[in-house]
Amino acid sequence: MIEIPPLRTKRLTAHMRELSIRDAIALAAIPAHLQQESASRFLRATVAEVKGVEDISAWTVQERTLAICHYMANTLDDGPDFALSGGVSHYSDYLMGGHDYPCDSLGLGELEGDQWAIRQLTGRLAESIERLEGEIEDISPDTHWQVGLMAAQLIPNGDDGGELSEGDLDAFIHQRMLVLLGLPESAFARLTAMFQSGQKQLEHLLKLSHDEEGLIILPADKEGGELAIPPARFLAGACITPLARRMAGKPQAVGA
């Protein structure tokens with residue numbers, strides 16, 4: 001059994017264990033496009049104990065991704081600073097040293113008569129956006145993620161939806177997406193700028209963005225700027241051995 005040292009951040013200390021072969025097979029069987037569901041399944045299987053934020057679904061996407069990276073750093077053959085993209089980049093290229101969790105939410109100001117705030121993107125919110133993909137016609141996958149993130153993270157007039165079941169959360173975010181897509185173009189552009197500014201202020205641990213396939217991690221801002229470094233995903237599936245993939249009937253490798 002591989003011993004994994006505790007993961008410590010500002011909000012939590014997580015003790016992780018190696019995947020069992022049964023959990024690895026189950027993880028390998030999840031469809032490749034369900035990246036957030038895979039992350040949740042992986043964390044439920046590998047996190048043995050948590051001090052701090054105990055609910056894994058309440059961890060931010062950055063905290064969840066850091067935990068996946070921590071597991072890979074301690075289990076992959078090329079060591080703590082493991083390589084990505086065929087050696088083009090390494091784990092350390094994405095870490096935002098000294099930038100831990102800043103706050104739960106912050107105010108953005110007034111727009112179209114409403115007061116807006118932004119909150120952190122939790123795993124629970126990200127999974128909901130993932131489940132809703134394809135529910136709104138005539139928008140691209142990239143647009144789905146852009147509008148979905150805004151619907152999940154932006155809070156108008158203090159209405160964050162409260163405590164909702166999974167189904168009710170999906171309905172809440174779906175309706176918010178429709179409202180945002182119904183805004184006049186000029187108002188949507190201004191709100192997008194406010195959202196992007198808020199995202200920047202909420203950054204921690206890893207630099208989060210998105211593309212047409214879901215959430216991605218951008219290289220950290222460092223002196224000298226290494227523009228050739230590509231985005232990464234740090235998928236939970238990259239933690240699974242080829243043996244487990246074959247046993248799940250999915251022999252293809254999954255990249256980080």
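Taking a ≥ b ≥ c as the square roots of the Cα gyration tensor eigenvalues, with a/c under 1.5 meaning rounded and otherwise prolate when a/b beats b/c, else oblate, which class fits the range 134-256?
On the way: a/c = 2.13, a/b = 1.37, b/c = 1.55.
Oblate shape, in that a/c is at least 1.5 and b/c is the bigger or equal ratio.
How do 135-142, 148-155 rank on mean C-beta neighbours within 10 Å, highest first? Intermediate results must be reported in sequence, preceding the final value.
On the way: 135-142: 11.8, 148-155: 22.2.
Final packing ranking: 148-155, 135-142.
How large is ³J(HN,Hα) for each residue in the range 55-60, as worked out from phi by the Karplus curve 6.51 cos²θ - 1.76 cosθ + 1.60 (θ = phi - 60°), to whole Hz, x for Gly and Pro?
Each residue of the range 55-60 in turn: 7, 4, 5, 8, 5, 6 Hz.
Please arrange ARG245, ARG233 by accessible surface area, largest first, computed with a 1.4 Å probe and ligands excluded. Write out the running numbers ahead of the final one.
Values: ARG245 20, ARG233 50 Å².
Highest to lowest solvent-accessible surface, that is ARG233, ARG245.
Let me check I've understood the local charge: for ILE216, count other residues with C-beta under 12 angstrom from its C-beta, Lys and Arg +1, Asp and Glu -1. What total comes out?
Neighbourhood net charge equals -2.
If we restrict to alpha carbons, what Rg and Dmax does the chain come to, in Å?
18.5, 58
Taking amide H positions as placed in the peptide plane 1.01 Å from N, state which residues far from HIS210 in sequence (5 or more) or on other chains have amide H under 5 Å from it.
Hits under the 5 Å cutoff: ILE216.
Give me the percent of the accessible area of the range 73-182 that comes from carbon and sulfur atoms, probe 1.4 Å, all protein chains in place. Spell out each step's value before the answer.
Working: 2440 of 5220 Å².
Of the solvent-accessible surface of the range 73-182, carbon and sulfur hold 47 percent.
Taking amide H atoms as placed 1.01 Å from N in the peptide plane, list the residues 5 or more away in sequence, or in a different chain, whose amide H sits under 5 Å from that of HIS90.
LEU84
What figure, in Å² to the nearest 10, do you get for the accessible area of LEU202 with a 1.4 Å probe and non-protein molecules left out?
10
Return the long-range amide H neighbours of GLN115 (sequence gap of 5 or more, or a different chain), with a cut-off of under 5 Å between placed amide H atoms.
Here the answer is ASN157, since their amide H atoms fall under 5 Å of that of GLN115.
What accessible area per residue, rounded to a whole number of Å², is obtained for the range 88-243 using a probe radius of 1.4 Å?
Details: 7520 Å² over 156 residues.
Per residue, the range 88-243 has 48 Å² of solvent-accessible surface.
Test of understanding: in a Gaussian network model of the chain with alpha carbons linked when under 10 Å, which of GLY198, GLY87, GLY214 would top the mean-square fluctuation ranking?
GLY87
Taking a probe of 1.4 angstrom, what is the accessible area of LYS200 in Å², to the nearest 10?
Its accessible surface works out to 110 Å², give or take rounding.
Taking the dipole about the Cα centre of the range 1-53, with the C-beta of Lys and Arg at +1 and of Asp and Glu at -1, give me whichever of MET1, HIS15, PRO31 is farthest to the positive side.
HIS15
Could you please state, rounded to a whole Å, how far the C-alpha centre of the range 76-108 is from the C-alpha centre of the range 142-209?
24
Run the paramagnetic zone check for LEU111: 7 angstrom along Cα to Cβ, then residues of the range 144-174 with backbone nitrogen under 19 Å.
Of the residues in the range 144-174, 144-161, 173-174 have backbone N under 19 Å from the label point off LEU111.
Rounded, prolate or oblate: which fits the range 89-153, taking a ≥ b ≥ c as square roots of the Cα gyration tensor eigenvalues, rounded meaning a/c under 1.5, else prolate when a/b beats b/c?
Working: a/c = 2.25, a/b = 1.16, b/c = 1.94.
It is oblate, given that a/c is not under 1.5 and a/b is not larger than b/c.
The values are calculated or read from the model by the stated rules, or taken from the named source; none is laboratory data. Everything numeric here is computed off the predicted structure, so don't read it as measured data. Every residue, glycine as well, gets a Cβ built from its backbone with ideal geometry; the counts of neighbours run over all protein chains shown. Ligands, DNA and RNA are excluded from the accessible area calculation, which covers all protein heavy atoms including side chains. Shrake-Rupley method; radii C 1.70, N 1.55, O 1.52, S 1.80 Å.
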